[in-house]
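This report refers to the structure that appears directly beneath it.
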Amino acid sequence: MANGVIIDDTTLRDGEQTAGVVFSRREKIAIARMLDSIGVQEIECGIPAMGDEERAGIMALVNLGLNARLITWNRALVPEIEASIACGVQAVDISLSVSDQMILNKLRKSRETVKEQLKVALGFAKSHNLYVSVGGEDASRADVSFLVELMEITRSMGGDRFRFCDTLGVMDPFGMYDRIEFLRKAVPEVEIEVHTHNDLGMATANAIAGIRAGAKFVNTTINGLGERAGNAALEEVVMGLKHACGIETGIDTHRFREMSLFVAKASHRPLPVSKPVVGERVFAHESGLHADGVIKDPHNYEGFDPAEVGLTRSIVVGKHSGTGGLIERYRSMGVFIDRKRAELLLEKTRALSCSRKRDLTNCELMAIYIENDQMPKAA
Ligand SMILES: [Zn+2]
């Protein structure tokens, strides 16, 4: 099933907006190239209003001539849209705070002024032939009837889509599904984009719920980088759509691990070993039952093939190992042992694992093997 989902990856905007994260020009170019090479259709690449350095970075990306469409983030203000035009991009997100909380307590304005601001900014952008995503900041806490009003304005003025932002990450997938389904029906002419945050650990689930409810566009970041707890992770959304929902995005997933490592390094945000989809250890099997099952047939304990995301399977030897896993691990080291020997060695490997409170390295396993191989034979 392919439903034409379009990924708008915002690693270079919301991702870099993570407190303390800065990408160099070279890193931005490398990330954009990687995203483009795997088939990501749209890249949110920065905020031109931030200044000359940011604009030069965006222009460098424009000059790459990528297949992916580059889109910039702007407040719904004419000078900011002008700054985007000056960078040479053809698409803009124009953002407005849409919840009463933010309209009254942050902007200190009214819904009416927000609507007027949208009309002016959208009119300006469309008169310059830009592709426009109207960004509803804090849409998840906004009055839904006000969202419909903004989407109606978007439709009537030729805006291309509406970005529904769960800016604070306070939604759950069921609420997201209902909200997006309602908005799709209310203004079917305007496509919806979902922008989700992970404050309650539901960014990926909410993004997928939004898509299931009819959103065509989804914001992601590599490793789920982003403000506070982060955004929906590119690798999780793509693999979740594929394996949990049967929805193909057309993205080549084989470089996910490589891309995650690159972004982890560039952002100084190390990749947790158990990070879903791309963590080093998400295909590591230790317990006797699981290792044995995977050795017999990986489908027993793996939801998808690790090679799909550029990972490899590993059999870990530790406290919970069984003889099957131990034999397989030694075999991968070029050492062949029978079950009887495995039983003897298992006692030793378990004891060492317990005393060191971790799994064993190849060196330790080899030492145990040699030690016990040299034990005097019974007379
Ligand atoms: Zn965000």
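Among the β-branched types (Val, Ile, Thr), over 12 Å from residue 286 (Cα atoms) and outside any helix (DSSP H, G or I) - does that describe any residue in the stretch 318-333? Checked the stretch 318-333: no residue is among the β-branched types (Val, Ile, Thr), over 12 Å from residue 286 (Cα atoms) and outside any helix (DSSP H, G or I).
Would you say residue 34 is of a type in the set (A, V, I, L, M, F, W, C), under 25 Å from residue 267 (Cβ atoms), part of a helix (DSSP H, G or I) and out of contact with any His (no Cβ under 9 Å at 6 or more places or on another chain)? When the stated conditions are applied, residue 34 passes them.
Filtering the stretch 57-99 to residues that are within 29 Å of the chain's Cα centre (by Cα) and among the acidic types (Asp, Glu) leaves 80, 93. Being more than 20 Å from residue 44 (Cα to Cα) and touching a residue at least 40 places away in the same chain (Cβ under 8 Å) holds for only one residue in 143, 166, and it is 143.
Can you confirm whether the stretch 20-28 contains a residue that is crowded, with 24+ Cβ neighbours inside 10 Å and either assigned to a loop (DSSP other than H, G, I, E, B) or not charged (D, E, K, R) (or both)? Checked the stretch 20-28: no residue is crowded, with 24+ Cβ neighbours inside 10 Å and either assigned to a loop (DSSP other than H, G, I, E, B) or not charged (D, E, K, R) (or both). Within the stretch 58-67, the set of residues being surrounded by fewer than 23 Cβ atoms within 10 Å (Cβ to Cβ) and under 13 Å from residue 29 (Cα atoms) comprises 59, 60, 62, 63, 64, 65, 66. Within the stretch 78-125, being touching a strand residue (DSSP E or B) at 6+ places or on another chain (Cβ under 8 Å), part of a loop (DSSP other than H, G, I, E, B) and either within 29 Å of residue 56 (Cα to Cα) or without any contact (Cβ under 8 Å) to a residue 12 or more places away in the chain (or both) holds for 89, 90, 106, 107.
Just to be sure before I move on: is residue 34 under 22 Å from the mean Cα position of the chain (by Cα) and either farther than 27 Å from residue 140 by Cβ or surrounded by fewer than 22 Cβ atoms within 10 Å (Cβ to Cβ) (or both) in the structure I sent? Yes; evaluated as a whole, the condition is true for this residue.
This table checks each residue for (1) among the basic types (Lys, Arg); (2) within 15 Å of the ligand (Cβ to nearest atom).
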residue	(1), (2)
209	no, no
221	no, yes
265	yes, no
272	no, no
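For residue 40, the test of being surrounded by fewer than 18 Cβ atoms within 10 Å (Cβ to Cβ) and either at pLDDT 95 or above or among the charged types (D, E, K, R) (or both) is failed. Looking across the stretch 223-244 at every residue that is within 12 Å of the ligand (Cβ to nearest atom) and more than 15 Å from residue 12 (Cβ to Cβ), the one that is surrounded by the most Cβ atoms within 10 Å (Cβ to Cβ) is identified as 232.
State all residues of the stretch 344-375 that are acidic (Asp, Glu), assigned to a helix (DSSP H, G or I) and either in contact with a His (Cβ under 9 Å, 6 or more places away or on another chain) or surrounded by 13 or more Cβ atoms within 10 Å (Cβ to Cβ) (or both); if no residue qualifies, say none. Across the stretch 344-375, the qualifying residue is only 364. Among the residues of the stretch 205-241, those identified as without any contact (Cβ under 8 Å) to a residue 40 or more places away in the chain and within 8 Å of the chain's Cα centre (by Cα) are 224, 232. Scan the stretch 165-188 for residues that are more than 9 Å from residue 210 (Cα to Cα) and within 16 Å of the ligand (Cβ to nearest atom) and the total you get is 7.
Taking the stretch 91-109 as the range and being more than 25 Å from residue 171 (Cβ to Cβ) and surrounded by fewer than 22 Cβ atoms within 10 Å (Cβ to Cβ) as the test, the residues that pass are 91, 108.
Taken over the stretch 5-29, residues that are over 12 Å from residue 227 (Cβ atoms), within 13 Å of the ligand (Cβ to nearest atom) and hydroxyl-bearing (Ser, Thr, Tyr) amount to 1. Quick one: is residue 61 touching a helix residue (DSSP H, G or I) at 6+ places or on another chain (Cβ under 9 Å), outside any loop (DSSP other than H, G, I, E, B) and within 16 Å of the ligand (Cβ to nearest atom)? No; evaluated as a whole, the condition is false for this residue.
The values are calculated or read from the model by the stated rules, or taken from the named source; none is laboratory data. If you're wondering where the values come from, they're calculated on a predicted model, not measured in any experiment. Quick reminder, even Gly has a Cβ in these numbers, built from the backbone with ideal geometry, and neighbours come from all protein chains shown.
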